[in-house]
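Heads up, the thing below is written out as structure tokens.
The values are calculated or read from the model by the stated rules, or taken from the named source; none is laboratory data. This structure is a prediction, so every number in the text was calculated from the model and none was measured. Please note: Cβ atoms are built from the backbone with ideal geometry, for glycine as well, and neighbour counts cover all protein chains shown. To get the accessible areas, we keep the full protein, side chains included, count just its heavy atoms, and leave off ligands, DNA and RNA. Shrake-Rupley method; radii C 1.70, N 1.55, O 1.52, S 1.80 Å.
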Amino acid sequence: MVDTDEQVDEDLKNGFKLAVLGKVVYVGKRDGKLFQSLDGGNSWRDVTSSLPLSFIRFKEIVFAGLTVYIATDKGVLSSQNGTHWQRLTDGTGQHIVIDRFAIDHTRVYGAGDTGIYHLDAHSKWKQISPVVPGKVFSLAIDRNRLHVLTQQRRMFHISLEGEKYARSHK
């Protein structure tokens, strides 16, 4: 896999996005194309045409369990096989734009300009905090806390103790 596009972004934030689970590898390129390898990167298949959404760039690609999640500038997609994709929405059908994911086993959390979310049991985004003081650079989960680092170098956390779907840690 080679990126032959001209580099216009000096900090590489719009370069390859990568997710790996065993021998399954996904690579999102700057040109908006998504590739899948089922043999650890020895051969590649362009799966872009199977995506149910047009977008300009990938924000992040992660695995949670056997499901791959792809954050784009137009919303989030998920798939278990790379052929059939689901466009994730909230309970009202709105497409939520996520900048960063945090994974706790198979639980998926996401942060974007409109708040902090988690995917519920029906694969719908549920907002757990409407407050995001700036663009999210990094998101991590530890025990029942979601830690957020913003572009303005501010760091804060959100307790998930009262969250109905929070994983119990002992």
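Once the dipole of the chain is set up with Lys and Arg at +1 and Asp and Glu at -1 on Cβ about the Cα centre, which of Ala111, Pro130, Gly32 lies farthest towards its positive end?
Pro130
What's the FRET efficiency of Thr83 with Thr150 using the Cβ-Cβ distance as r and R₀ = 25 Å, to the nearest 0.05? Spell out each step's value before the answer.
Numbers: r = 36 Å, r/R0 = 1.45.
It comes out at approximately 0.10.
Leaving ligands, DNA and RNA out of it, work out the accessible area of Phe156 with a 1.4 Å probe and give it in Å² to the nearest 10.
Its heavy atoms expose roughly 50 Å² to the probe.
Just how far, in whole angstrom, is segment 67-138 from segment 15-66 if you go by their alpha carbon centroids?
17 Å
Provide His157, His118 ordered by accessible surface of protein heavy atoms (probe 1.4 Å), highest first.
Values: His157 85, His118 0 Å².
Order by accessible area, largest first: His157, His118.
At a 1.4 Å probe, what is the % contribution of carbon and sulfur to the accessible area of the chain?
48 percent
Taking +1 at the Cβ of each Lys and Arg and -1 at the Cβ of each Asp and Glu, which of Asn144, Phe58, Gly93 sits farthest along the dipole of the chain towards its positive end, judged by Cα position relative to the Cα centre?
Result: Asn144, furthest along the dipole toward the positive end.
Tell me the net charge near His95. Cut-off is 15 Å between Cβ atoms, His95 excluded, with +1 for each Lys or Arg and -1 for each Asp or Glu.
On the way: positive: Lys59, Lys74, Arg87, Lys124, Lys126; negative: Asp73, Asp90, Asp99, Asp113.
Charge balance near His95 sits at +1.
Go through Val20, Val47 and list them by solvent-accessible area, largest first, probe radius 1.4 Å.
Working: Val20 85, Val47 5 Å².
The ranking, largest first, comes out as Val20, Val47.
From the cross-link list Lys17/Lys124; Lys29/Lys59; Lys29/Lys126; Lys33/Lys74; Lys33/Lys126; Lys17/Lys126, which pairs have alpha carbons spaced over 18 Å apart? Please list the in-between numbers first.
Values: Lys17/Lys124 24 Å; Lys29/Lys59 10 Å; Lys29/Lys126 29 Å; Lys33/Lys74 14 Å; Lys33/Lys126 29 Å; Lys17/Lys126 25 Å.
Over 18 Å apart, Cα to Cα: Lys17/Lys124; Lys29/Lys126; Lys33/Lys126; Lys17/Lys126.
How large is the accessible surface per residue of the chain, computed with a 1.4 Å probe and reported in Å² as a whole number? Don't skip to the end; give the middle numbers.
Numbers: 9440 Å² over 170 residues.
Here the per-residue accessible area is 56 Å².
With the Cα gyration tensor of segment 53-121 giving a ≥ b ≥ c as the square roots of its eigenvalues, does the rule (a/c under 1.5 for rounded; else a/b larger than b/c for prolate; else oblate) give rounded, prolate or oblate?
On the way: a/c = 1.33, a/b = 1.07, b/c = 1.25.
It comes out rounded by the Cα gyration axes.
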